[in-house]
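See below for the structure under consideration.
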Amino acid sequence: MIVVPGPASTTLGESVAKEFGVDVVKVEFKIFPDGESYIRFTRNVEGEDVVIVQSTYPPQDTHLIQLFLMIDNARKLKSRNIVAVSPYLAYARQDKVFRPYEVVSVKTILKIFEGLGLNFLITVDIHDSGVFEDVGFKCLNLSAVKLLAEYFQNNFNLERPVAFAPDEKAVKMVKDVVNIYGWDSGWFKKERDRVTGEISMKCEGVFDVRDRDAVIFDDIISTGGTTATAAKMLKSMGAKRVYSACVHPLLVNGAYEKIIKSGVEKIVATDTIPRNVSLISVKQLIVEALKSLNL
Ligand code: R5P
């Protein structure tokens, strides 16, 4: 097995290779003046099992094209199995038709992978793993929820913590936290206007956050609207301190400032997207998943 750390995930890719004690194949890359990407492997990969590590955070189109080019290059150079490790898989939120005549973008991405001859895809907390049904290669969806919960359990002196889901999609994450640490839980119901992107949130169920610490769990923070709205509601319900735990910190359009302004003490995220808040590495999850493939 050899590891090819893509331009978007050099550090993560190199640390995965180090863990296995295998060769790193460096990638020569550049962006042409018109925005197109260039990729060259610095050695042959013929006959090898090739693990390409490339997260596809913004600029996601560039990072995706680089990933496609690397997979295609590995296939052209007659590698054996090709594994794409893309801890944050772009376009995963458009996983169904919300309005008539829309494209299901994540399906398009998966079809391209299949066409390129990818053998395995490893990702972390994809928005909905249901999109992997009917895909012609093996997909592993890893969960970083335990790592996030563990970080809060070990590094903060939380007072009677409540794990909070800011929408129905995040309820599964919160249930996992409850199962691991026995925290109490609660959730909101979120509705998003599919045209304007505006969100509204309301309380679901009965729970008491008064004078307690709340941790909002979500897979993605993009503009920060979801977390900030949930934080303000928790504060108005009497929560003592509010924290944010997120797997993929996209943090676009001033999201960090918006969330802190809403009353959140600290944002803790993973390194599926390298940002200042990426305090937890998913490296070990990836290493275990690769071992399970028995390459
Ligand atoms: C949506 O279903 C996701 O799970 C996140 O809640 C959403 O992507 C967060 O977006 P934003 O930070 O822009 O509210």
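The values are calculated or read from the model by the stated rules, or taken from the named source; none is laboratory data. From a predicted model like this one, the values you see are computed outputs, not experimental measurements. Here the Cβ is made from the backbone with ideal geometry for all residues, glycine too, and neighbour counts use every protein chain on show.
Observations, loosely collected:
- Among the conditions (1) in a helix (DSSP H, G or I); (2) among the charged types (D, E, K, R); (3) within 30 Å of residue 19 (Cα to Cα); (4) touching a strand residue (DSSP E or B) at 6+ places or on another chain (Cβ under 8 Å), the only one that residue 218 does not satisfy is (1).
- Of all residue pairs spaced 6 or more apart or on separate chains, those with beta-carbon atoms under 8 Å, a first member in segment 150-173 that is of a type in the set (Ser, Thr, Tyr) and a second member that is modelled with pLDDT of 95 or more and within 16 Å of the ligand (Cβ to nearest atom) are 151/245; 151/268.
- Residue in segment 89-97 that is in a loop (DSSP other than H, G, I, E, B), over 24 Å from residue 224 (Cα atoms) and touching a residue at least 40 places away in the same chain (Cβ under 8 Å) present: no
- Any hit, segment 267-284, residues being part of a loop (DSSP other than H, G, I, E, B), in contact with an Asp or Glu (Cβ under 7 Å, 6 or more places away or on another chain), of a type in the set (Gly, Ala, Ser) and within 20 Å of residue 149 (Cβ to Cβ): yes
- Checking 169, 175, 232 one by one, the residue that is at pLDDT below 95 and of a type outside the set (Asp, Glu) is 169 and no other.
- Total residues in segment 32-74, condition in contact with a helix residue (DSSP H, G or I) (Cβ under 9 Å, 6 or more places away or on another chain) and part of a helix (DSSP H, G or I): 4
- Among (1) of a type outside the set (Ser, Thr, Tyr); (2) under 22 Å from residue 144 (Cα atoms); (3) away from the ligand (no atom under 15 Å from the Cβ); (4) surrounded by fewer than 22 Cβ atoms within 10 Å (Cβ to Cβ) - the single one residue 211 does not satisfy: (2)
- Looking only at segment 1-50, and only at residues there that are of a type in the set (Lys, Arg) and within 19 Å of residue 78 (Cβ to Cβ), the one that is nearest to the chain's Cα centre (by Cα): 40
- When residues of segment 123-140 are limited to those that are within 15 Å of the ligand (Cβ to nearest atom) and within 18 Å of residue 96 (Cα to Cα), the one surrounded by the fewest Cβ atoms within 10 Å (Cβ to Cβ): 130
- Scan of segment 252-267 for residues that are within 12 Å of the ligand (Cβ to nearest atom) and surrounded by fewer than 17 Cβ atoms within 10 Å (Cβ to Cβ), ordered by number: 252, 253, 254
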